[in-house]
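See below for the structure under consideration.
The values are calculated or read from the model by the stated rules, or taken from the named source; none is laboratory data. For clarity, every value in this text was computed on a predicted model and none was experimentally measured. For neighbour counting, all protein chains shown are included, and Cβ atoms are generated from backbone atoms with ideal geometry for every residue, glycine included. Heavy atoms of the whole protein, side chains included, go into the accessibility calculation; ligands, DNA and RNA do not. Shrake-Rupley method; radii C 1.70, N 1.55, O 1.52, S 1.80 Å.
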Amino acid sequence: MEDVNVPFVEVHYVTIQKVGDIPIVKGDFKELPPQVQKWVAQMVQLCTPRGVYICDGSDEEAEMVTQKLVERGTLTKLTKYENNYICWTDPRDVARVESKTFIVTDDKYASVPHSREGANCVLGLWMSPEEMKVQLDDRLPGCMSGRMMYIIPFSMGPIGSPLSKIGVQVTDSNYVLLSMRVMTRVSSEIWKHLKHGEEFVKCLHSMGCPRPVERLVIKHWPCNPEKTLIVHFPDIRKVISYGSGYGGNSLLGKKCFALRIAGRIAYDEGWLAEHMLIMSITNPKGEEKFVAAAFPSACGKTNLAMLTPAIPGYTVRVVGDDIAWMRFDKQTGELRAINPEAGFFGVAPGTNMKTNPNAILTCLKNSIFTNVGETADGGFYWEGLEDETPPGTEITSWTGEKFILGEDKTKKSSHPNARFCCPARQCPIIHDRWEDPAGVPISAIIFGGRRPEGVPLVIESFDWKHGVFLASQLKSETTAAAEHTGKQVMHDPFAMRPFVGYNFGHYIQHWLDFEKDPNNKLPKIFHVNWFRLDENKKFLWPGFGDNIRVLDWIIRRTNGEDIAEVSPVGLLPKKDSINLQGLVIDWDKLMSIPKEYWVNDIQETLKWLDDQLGDDLPKDIRDQIEKQKERLSQLK
Ligand code: TSX
Ligand code: MN
């Protein structure tokens, strides 16, 4: 028998519980609601761990698990701070793997749209239950042999809120357990709520590296990259993730549950699970409004959520930086939103005291850093912290290479997808109501993309249908997956392209349908672009704290101020209606609508949407495209 890591006090009268012949080393199995007991027992039989540890979310539990990870070498304490740890992964396990992420339903077209013949569908991958069974039968039996199975009860959203949902994650990774404690609400209190008949989302995760290990374990990070598979069963509210310990692949509460599974529940129940930040803006008059905003990756969504306004008198508060669950209130018709998460799992490189001081201040304690560099004095380091770290500091990179800061500019300390994982409650500008069980009322929905060319700073939609169309044609510049292709503007409708758990055409129609209930107070929809370049590739807009000027205009529009004028692509700010005091801006360049660009763009958008969605593309969107073409034809 290997080390039993929890001392059993009073063993002489405690009967050691077992599931089959596998011992429960911590917790009381009888405390689990019957439906959880049944599923956990099945998972124990399937995965055959050496023991079962039922988590309670306590600090002692975290300390014990942290200690184990430090002893094993997976975590290193960052001595410069209080309770901060750094972790370096196997270099093959550093990001979400879209090509290995599947949705399983009996009917293929419940999961993915009817893409045109020859078009490569990038709006989700489907596999049949029969085929997936073969794949899972090859992976799951015995996958936790020799390892501990942790049972993690968690709530997405404040425990007990009518807007929250409960999950149970079973995992053999204690790194995942520690991260789940930051990103979700882990507590044995969950069991009491489930007893009242609530359904729960079943989340099974394994690193796919049973003991004795057959492969080389690199960096004390067990994983199985060849066989990685992330599978969603939206019909039965279940996720199975195998082979990866990284972020979105393994912290199943986040993308898998809060977006893909919850998105499908939301479709069934008439609400929305979106890839959006939630923030409030208070103007100098003391009026506060909440907005939700969706951006594809590399647009600075977390930076916007925690904005430090560049003009005095404004206050920003953050409710969430990644996911919003929203529903129209049956009584008042307001759109109310909660952040289902409890932490921030943000891209570290680029984050510093200039771009996002509040993020830095949030992760000075109780945080986990993955694939960043470490300074010789036990601090974190990543690209972007050059000006805040003394030159001459010795850095150990995420691959274990040592270098002196400032000496060799080609040396990289961090993986580009390196992350901080920190508790939201520690954020200096966290909103008082960030855990309000009733959610916060959303006045505007903002979509944005990184568009170097053609797209003005801000566009307001003409109406709801036009807003849904703006979201459907969302695009952003990204470093393409294939390294040699460089930067490309890619489609990412609603910033949800990799995250919708059902047919994307049905998803767009679901958005359109909210207009049909006259009780719904539909928020105004906007599109923003902080990233337009001039002919010398210089940014036309300063961005960051100055974005408050755009947010202020958006909020004044929600108050009905007459500060917008019609253009072929939407409503634009009237000249001088955005406060530009103290800035030197080439307004005409920033706001121009180049006809040739937009004519090509709408053609390309129609082709892409038609290829991807085929007959599942809602008719309202086709109509919007035709209307836009018509308006553009009248442009000089
Ligand atoms: O996060 C960004 N935001 C949103 C902030 C609230 N970034 C960083 C993007 C990578 C994640 C931005 N980068 C933003 C922005 O608004 N804008 C830009 C582009 C930009 C970069 C540097 C400058 C200006 C614009 N510097 C100067 O003008 C000196
Ligand atoms: Mn995200």
Carbon/sulfur fraction of accessible area - region 516-607, other protein chains in place, 1.4 Å, %: 52 percent
On Cα atoms only, tilt of 59-72 relative to the major axis of the chain in degrees: 80 degrees
Percent RCO, i.e. relative contact order, over region 119-269, from Cα pairs under 8 Å lying at least 6 residues apart: 21 percent
Rounded, prolate or oblate (a/c below 1.5 giving rounded, otherwise prolate when a/b exceeds b/c) for region 119-193 by Cα gyration tensor: oblate
The chain: calculated mean residue ellipticity at 222 nm from DSSP helix runs of at least 4, using -39500 (n - 2.57): -7000 deg cm²/dmol
Region 344-425, accessible surface, carbon-and-sulfur percent (1.4 angstrom probe): 54 percent
Stretch in the chain that is longest and holds no chymotrypsin sites (Phe, Trp or Tyr not before Pro) that DSSP places in a loop and that have at most 13 other beta carbons within 10 Å: 14-636
Mean-position separation - Cα centroids, region 558-636 and region 53-77, in angstrom: 52 Å
For the chain: rounded, prolate or oblate by the Cα gyration tensor [a/c cutoff 1.5]: prolate
Amide hydrogen neighbours beyond the local backbone of LYS18, cut-off 5 Å, H modeled: ILE24
Radius 14 Å from Cβ of LEU609, net charge of other residues (Lys, Arg +1; Asp, Glu -1): -3
Potential lengthening between GLU630 and PHE539 on full extension [0.36 nm per residue; Cα-Cα distance subtracted]: 29.7 nm
With Cα atoms, 0 to 90° folded angle of helix 504-513 axis to the chain main axis: 60 degrees
DSSP bridge orientation in the chain - percent antiparallel, rounded to nearest 5: 65 percent
Centroid-to-centroid separation of region 427-453 and region 313-362 [C-alpha atoms, Å]: 5 Å
Rg and Dmax [Cα atoms of region 46-154; Å; Rg one decimal, Dmax integer]: 19.8, 57
For region 411-542: rounded, prolate or oblate by the Cα gyration tensor [a/c cutoff 1.5]: oblate
Tail weight of P(r) past 18 Å, computed on alpha-carbon pairs of region 344-425, percent: 35 percent
Mean accessible surface per residue for the chain, computed with a 1.4 Å probe while every protein chain stays in place, in Å²: 40 Å²
Between 0 and 90°, nearest 10: helix 548-558 axis offset from the chain longest Cα axis: 70 degrees
Estimated inter-spin distance, ASP408 and ASN83, nm [label 7 Å along Cα→Cβ]: 3.8 nm
